[in-house]
Amino acid sequence: MSSTQLYPFERNRYYPGKMLTSVDFQAEQDYYINKERFMNGLMFGHGIVCGLGVQGIDDQSIIVESGVAIDAGGREIVLDTSVVKKLSAIEGFDSIDGDNACLRIRYREQDVHSVYSVSHKTDDKEYEYNRITEGYELFLANADDEEEREEPVNEFLCREKLFKSENFEGELSIPATVCKGRNAKITLEIKKLSKEEVRLSCRGMLEVPAFLSEAGEHSIEIGVEDLTLEEGEVFSKDYWVKVSATDYEETDVILRSGSAQVFENENAVSAPANFAMKIMLSDIRPLELVSRETGKVNLEARQGTIAEPSIALAGIKLVRTTTAYIIDSVIETGVKHYLVPPSGELLRNRYLSYFIKEVDLERRVDGRNNEVRMQAPKETGEFSNIATGTLEIPLGRNARAGDIRYSGEIAHGLGKGNVYVDIGYDYVSGDAEMGVNSKSTIYGNPDLFSRQTGRLVDVETAVKVLNEKGSFVVAAKLKDNVDYLVLSFRWVAIRFPQSDDIETTEDYYDKSISVDTPTVVMGTKETHFFGVRFHNMKNCSISYELTSPGSGEISSDGIYTAPSKDGVYEIRIYCTDMPVICTYAYAIVKRQISDGKAETEE
């Protein structure tokens, strides 16, 4: 592959009386062409801009639709009209030695318009080409020879090898720097290394002291069950966490000691050793963090990761015999890499709005251009009087008796005021009779249960409640040397009501809820949503329940599905936090016949 470096740039300097030759004019062209290609690669990267779809039209032919791509050298590849090609007529077909091929397109220049050279000499060509046309070339390559697109080397992700065997390797990745108070993603990637048909099962427990899982805990169970992959295929699984708004500048993501297990076809392979991934905590916004990480890659690093200057269009599976072939399928998913030009940004945001759950899209037109702004939804709801959760206190390596460690500041969610917090030691013990592990919590002195549970960590704890901030901090003092990396605790917080917080029965006398349609007539297996109205009270969480068995089904969001038999069925609807405020709805279920009248039994 020839060098693709386009810089440093050099342009003509004109002065009176300068003699211009073909070399000068070529330098003039090279300057503007290289500048344009340099900016194409820097601003857009390489991939498909639009079109270039590939479809099979019969057993031996394909159609490639018109479109535009930019290769790794920043050159535009334009296919101005759709073309039909017999697969065997495409360059590289004879070199395909398997059943999987990859169709690619690359930039090609061609000299055209031969003209007589007036000033040619004896040794010169009598004719020269007067133009250069910019075109394309389709070719086939072995799919097994395709390399993954290289990305500029940076330190955005922190990676740790989980395990590696002859058949699989697993890796865990998380941004090396995360934003306080924001979400972050931990990704488990598993790659198949061999052609053997092997099923993989693996599991482990991550301790994440500065993060909260979707379940509100400081630990995440990771793993897969009975995973099968083809050679070279990569499986990924994401785990989302919320970064705590702590004062710490760094934290650890820890693989809990002894929790990791790896099985291939139910045979255990060597389990990974425990590790700790150092993660930095930052107060900057995610957009600023990502912009900084992507922008700091220098030109040398970018130049070192330039890929082969051709663009993958589709994977083609073949059924081959000794004398013929048949196109089995054309695969574009996972093969194509698309670029998003600025002209398509608005349309992309519009399409993304159908998949965004955690933010609301608000579209505003300012009269000059369209702008899509994302706003986080406002949190609603009232504090209850009891809250619970888990916390982790990292000890580091070689913790010794007498050492004192502190948790981060933890928000209990009960608001400001007088709150009591108690903590208990969380541990996992094996049940020999059941053959499983069970999780238990001990409040008080763990040493009193040592006969039943084995030796546990002997630790003295204290809790400091920050009444004006609605949070607390836990301190733990070790009484013995331990080899743990982290201590797990379960906390329970109780908010003592103040005089103006105490509600009596009289507080409910003018509060009520009602159903939009308290009585509905419906057919068997039909569904109906029971909407609720609130009177003299704020909107709150609503729960639904059936008052008798065999009454159908009711979902947590109020969608009722009628049973398969006639009858009148009752649904109780109540405020989740104030069950005394309730109402009832009724479903009259009748089997329907073709004329719309209810079917009656003889």
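The values are calculated or read from the model by the stated rules, or taken from the named source; none is laboratory data. From a predicted model like this one, the values you see are computed outputs, not experimental measurements. Reconstructed Cβ throughout: ideal geometry from the backbone, glycine too, with neighbour counts over all protein chains shown.
Observations on the structure shown:
- Flag if R11 is modelled with pLDDT under 90, over 40 Å from the mean Cα position of the chain (by Cα) and either among the basic types (K, R) or more than 30 Å from S119 (Cβ to Cβ) (or both): yes
- Yes/no for K336 being modelled with pLDDT under 85 and basic (K, R): no
- Within segment 199-222, tally of residues that are surrounded by fewer than 16 Cβ atoms within 10 Å (Cβ to Cβ), within 24 Å of F163 (Cβ to Cβ) and under 18 Å from the mean Cα position of the chain (by Cα): 1
- Hits in segment 47-77 - residues which are under 28 Å from I327 (Cα atoms) and not in a strand (DSSP E or B): L52, G53, I57, D58, D59, Q60, E65, S66, D71
- Residue within segment 31-50 that is exposed (fewer than 11 other Cβ atoms within 10 Å of the Cβ) and of a type in the set (D, E) present: no
- Restricting E151, E196 to residues that are modelled with pLDDT under 85, surrounded by fewer than 16 Cβ atoms within 10 Å (Cβ to Cβ) and more than 30 Å from K85 (Cβ to Cβ) narrows the list to E151.
- Members of segment 559-591 that are over 18 Å from D516 (Cβ atoms), at pLDDT 85 or above, assigned to a loop (DSSP other than H, G, I, E, B) and not polar (S, T, N, Q): P563, K565, D566, K590
- Residue list for segment 485-503, filter: modelled with pLDDT of 70 or more and of a type outside the set (A, V, I, L, M, F, W, C): S488, R490, R495
- Members of segment 519-553 that are among the β-branched types (V, I, T), assigned to a strand (DSSP E or B) and without any contact (Cβ under 8 Å) to a residue 40 or more places away in the chain: T527, I542
Here's the yes/no breakdown for (1) part of a strand (DSSP E or B); (2) over 28 Å from the mean Cα position of the chain (by Cα); (3) modelled with pLDDT of 90 or more:
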site	(1), (2), (3)
I105	yes, yes, yes
H120	no, yes, no
N130	yes, yes, no
L140	yes, yes, yes
F163	yes, no, no
L172	yes, no, yes
G181	no, no, no
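- Qualifying residue in segment 471-484 (condition: at pLDDT 85 or above, of a type in the set (S, T, Y), in contact with a strand residue (DSSP E or B) (Cβ under 8 Å, 6 or more places away or on another chain) and farther than 30 Å from N536 by Cβ): yes
- Selection count where residues are exposed (fewer than 12 other Cβ atoms within 10 Å of the Cβ) and closer than 13 Å to Y586 by Cα, scope segment 532-552: 2
- The lone criterion from (1) part of a strand (DSSP E or B); (2) modelled with pLDDT under 85 left unmet by S556 is number (1).
- Where a residue in segment 85-98 is within 15 Å of Q55 (Cβ to Cβ) and assigned by TED's automatic domain parsing to the domain that holds A324 and its partner, wherever it lies, is of a type in the set (K, R) and assigned to a strand (DSSP E or B), with Cβ under 9 Å and at least six apart: none
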